[in-house]
Amino acid sequence: MILRGDFVLTYTTLASGSSGNCALVCCGGTRLLLDAGISARRITTALKGLGVDPASLGGVLVTHEHSDHISGLATLTKQLGLPVYATAPTLRQLCYRIPFLERLCRDFAPGDGFPVGELWVTSFPTSHDAACSVGYTLAGDGSKLASATDLGRLTPEVLNAVRGCDLLVCESNHDVDWVRSGPYPYYLKERILGDRGHLSNEMGAELAALAAESGARAVVLAHLSSENNTPARARDVAARRLSAAGVDPERDLSLTVAPRKERGPVFRLERGRDVQALRPREEAVLC
């Protein structure tokens, strides 16, 4: 159970996909959003469904300025006055769009680490067609999760960040052949498949295998394309790669796919125990 005052690290996606991304990370009294790419109403409704008061949020970690990661940010920050953490180039892009945001900005350089309440947040640079995109690792109570989405390629910084994590949130955006044979215009296909685009199922599976080999107990496949992928396809590719690495995806770890338009299970990371994926009937109040 997740109890009031519990200092165990927890993670849940509120939405994940090409149409919007947002997740909640908690540890003790600290609650952070990772991106805010769905409407503020959807975010607050999902939080209340988890027993989390939106006013208790400690801030928003923004990966980059694309609309599927910030579409709810203006309304949410206006309502709640939340600090917004991002790289300086990303914050400049956000302030162009959200004039009142400047007083709420908390900038850092890619690779920096900093505390937010009971969580230690570390950023790492990612290869994506944005001003200065990053991924994050978040650590608390002796456990660590890594969120690595919107990656055009697997860089040394990304690989180093995911090593030793207990839970990996890993992009598995598309099937390469589906993109190439699909109806998208040429420029968009080149963008998706390029070094500053998105990870394919196969590349996401490589990252999942690396994390599993270095001790990850759970992998969440995330940011799936609605046009060029399916949850079954993404999971099958990852499961086959994990099996080839000697990791049984049914017994050795938890392998799941984040839902696109609704919240996923709460993942509870507890030192010395397997990561628990709690379904709605098993969840207790998070705050």
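Brief remarks follow.
- The single condition from (1) of a type in the set (Asp, Glu); (2) closer than 29 Å to Arg271 by Cα; (3) exposed (fewer than 15 other Cβ atoms within 10 Å of the Cβ) that Glu118 fails is (3).
- Number of residues in the range 141-164 that are at negative phi and over 11 Å from the mean Cα position of the chain (by Cα): the value is 15.
- Subset of the range 43-63 (residues that are assigned to a helix (DSSP H, G or I) and more than 17 Å from the chain's Cα centre (by Cα)): Thr44, Thr45, Lys48, Gly49, Pro54, Ala55, Ser56
- When the range 157-172 is filtered for residues that are in contact (Cβ under 8 Å) with a residue 40 or more places away in the chain, open to solvent by 20 Å² or more (accessible area, probe 1.4 Å) and within 23 Å of Phe267 (Cβ to Cβ), the ones remaining, listed by number, are Leu159, Arg163, Gly164, Asp166.
- Leu154 meets the stated requirement of being part of a loop (DSSP other than H, G, I, E, B) and open to solvent by less than 60 Å² (accessible area, probe 1.4 Å).
- Hits in the range 91-137 (condition: β-branched (Val, Ile, Thr) and in contact (Cβ under 8 Å) with a residue 40 or more places away in the chain): Val116, Val121, Thr126, Val134
The values are calculated or read from the model by the stated rules, or taken from the named source; none is laboratory data. Quick caveat, the model's predicted, so the values are computed rather than measured. Because the Cβ atoms are built from the backbone with ideal geometry, glycine has one as well, and the counts that use them run over all protein chains shown. These accessible areas exclude ligands, DNA and RNA; they are computed on the full protein's heavy atoms, side chains included. Shrake-Rupley method; radii C 1.70, N 1.55, O 1.52, S 1.80 Å.
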